[in-house]
1. Using the Cα centre as the reference, give the magnitude of the dipole from point charges on the C-beta atoms of the range 33-186 (Lys, Arg: +1; Asp, Glu: -1; all else neutral), rounded to the nearest 20 debye.
2. Using θ = phi - 60° and the Karplus form 6.51 cos²θ - 1.76 cosθ + 1.60, what ³J(HN,Hα) does each residue of the range 295-312 get, whole Hz, x for Gly and Pro?
3. When the Karplus curve 6.51 cos²θ - 1.76 cosθ + 1.60 is applied with θ = phi - 60°, which whole-Hz ³J(HN,Hα) does each residue of the range 317-332 get, with x for Gly and Pro?
4. Considering amide H positions built from the backbone, and no H for Pro or chain starts, which residues 5 or more places from residue 238, or on another chain, come under 5 Å of its amide H?
5. At 0.36 nm per residue, minus the direct Cα-Cα distance, what do residue 115 and residue 15 gain on full extension? Give it in nm, one decimal, please.
6. Which order, highest average first, do 294-300, 329-335 follow once you tally other Cβ atoms within 10 Å for each residue and take the mean per peptide?
7. Give me the accessible area per residue for the chain, probe 1.4 Å, as a whole number in Å².
8. Quantify, in whole percent, the carbon and sulfur part of the accessible surface of the chain (1.4 Å probe; protein heavy atoms only).
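The values are calculated or read from the model by the stated rules, or taken from the named source; none is laboratory data. These numbers were taken from a predicted model, which means no experiment stands behind them. When we count neighbours, we look across all protein chains shown, and the Cβ atoms used for this are built from the backbone with ideal geometry, even at glycine. For the accessible areas, the whole protein counts, side chains as well, though only heavy atoms, and no ligand, DNA or RNA atoms are used. Shrake-Rupley method; radii C 1.70, N 1.55, O 1.52, S 1.80 Å.
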Amino acid sequence: MPPPSSNSTDGYDIAFRLLLGVLAVVVPLSHLAWLSGNITAYLTGATWAPYQPAAALLHPDQLWPQATETSLLIGARIVPIIVLLALGAAAGVLWSRHTNRSSGRKKKITGMAKARDIQPLMAKAITDKARSLRPSLKTAKHIDAKDTGILLGNLQGTHHEVRMGYEDVAVAIMAPRSGKTTSLAIPSILNAPGPVLLTSNKAAGDAYTATLDTRAAAGRAWSMDPQQIAHSAREMWWNPLAGAKTLDGAGRLASHFLAASVDASQQGDFWSKAGSNILSQLFLAAALDDRPITDVMQWLAFPADRTPLDILRDHGFTAVAAQLKGTVEGPPETRDGIYETARQYAAALLNSEIAAWVTPQKNVPEFRPSDFVTSTDTLYLLSKDGGGGASALIAACADSVMRAATAQAERAGGRLDPPMLAILDEAANVCKISDLPDLYSHLGSRGIIPITILQSYRQGQKVWGDAGMDAMWSASTVKVIGSGIDDPDFADKLSRLIGDHDVETTSTSHSESGKSTSVSMRQERILPADAIRALPKGTALCFATGMRAAMLDLRPWYLEPGADELAAASQRASKGITARAIAKHAPKQSDFGTAA
């Protein structure tokens, strides 16, 4: 007798599925017919029938002999069918929503970290770590979540909060409108327990307006706005020369002007180095003589002015004075080229509106970084993209705050408590601190928590060079990658870091003896490069030192409790910026003259 063919086997499968489908309709329909028929009988005065769903569906007249033909048609036929169709439609809608949700933002990816894989970033571990890092929390019975670490988001598809601790340092690479401000910068600022530093190139509708009122309630809100992004009144001034009374300090200040003007690849040429050296020598002279930084521009305009030489000699910097003298008395074409380069780097100081923020002002308080780092104040540093010398002042101020925080941490036993948060948003545009990658190696251990936010990895390479950006990436204990990664090399690098996993492959073959199925395992990328590029908005990848990569659901501030009040405060602040801008640019009566 020949063996059964595959066609007969497939026929059995079809028949079995057809039987299941019939039962899926008949069983609920018969029960609905029995229930609906009894309800109809009760309403028409007939007797309640015993539990016989099959009879209710097939022979309702036998089950309810007193009922009329019309009532049986409606109660045991029409109503059950309508109810069953309605239930089927509702189930279809729910299933469709579930499918769409699963294939969208909430779709889980096999192979990514589970809660047990990132325990050091979860609530219990992060709370225990906070107690050990912050002496002020050691004896506290209850610690608020915001005091334990910075919320990054929820582990995808769960309610588990993922936080970076107050010894971590982070880099976030997120494209515009991918949640870098709404889900990372703003929530971090709102919940920071200590002083906060924010750099930004936007004001209205951004982190500045969203957090201004809340942070002003926690401490003083300082705003340094030399290019009038927020049209802020000048209610502070900062002395950039306060830390330039040593050759190292003056050199750091000059390096910010250099970094703001040229890319990393151009900073090593002769003119760039020479111009930076002249600036550092003149900054040192001005600082030693307690002069305003604007005096440096006068010296640059007249290289023959011997005032900086005399100041350096009088304070014992004879070698520096000799270097400056050699440049001044060198070949005119070389000297003029060096001085012109330095003038270009510091050109923003010629703008009186910008210079006013960094020179003494009557009846305006001075911002002192050493006082700021022991407070709960907030410093907003605002500058436009490509701000040149203005962005150099922003970077210099941010750097002075972090250096003051480091000094205070050393005096306090090694760490700041509470820690200081430094959100360096648009760092590659407005806060080009040339040695920031080197600072990453120790800031976290001092209780200084930097989060550098970039739009792409290449953007960081342009500012700090390949080696510098690689160093920052390696030193970051937490890396957050949002949607919008269009660099194929970087996406593939992330894919390789996430790794591979085993995938079960099922194959079916047909032969004369019937159908056979075999199962094999193969390695496959957990998240290929094209999937990283297509990360949906509202999600992010989290790479933490020594842990598997995790997929996060971001937590934008406008979906959190109290969002309505924050939104109203942000709107008021934005309207204030608009009103100040209109008032500033409104034509004055004198502009029109007087009628004859």
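1. On the way: 19 positive and 9 negative charges, 208 e Å.
In debye, rounded to 20, the range 33-186 gives about 1000.
2. Computed from phi, the couplings for the range 295-312 are 5, 4, 5, 5, 5, 5, 6, 10, x, 6, 5, 8, 4, x, 4, 5, 5, 4 Hz.
3. Each residue's phi maps through the Karplus curve to give 9, 5, 5, 5, 4, 5, 4, 5, 5, x, 5, 5, 9, x, x, x Hz.
4. Sorted by chain and number, the residues that satisfy this are 358, 359, 367.
5. Working: separation 100, 0.36 × 100 = 36.00 nm, distance 4.42 nm.
That works out to 31.6 nm of additional length.
6. Details: 294-300: 19.7, 329-335: 11.3.
Per-residue Cβ counts within 10 Å, averaged per peptide and sorted highest first, yield 294-300, 329-335.
7. Details: 29140 Å² over 596 residues.
Per residue, the chain has an accessible area of 49 Å².
8. Numbers: 16310 of 29140 Å².
Answer for the chain: carbon and sulfur cover 56 percent of the accessible area.
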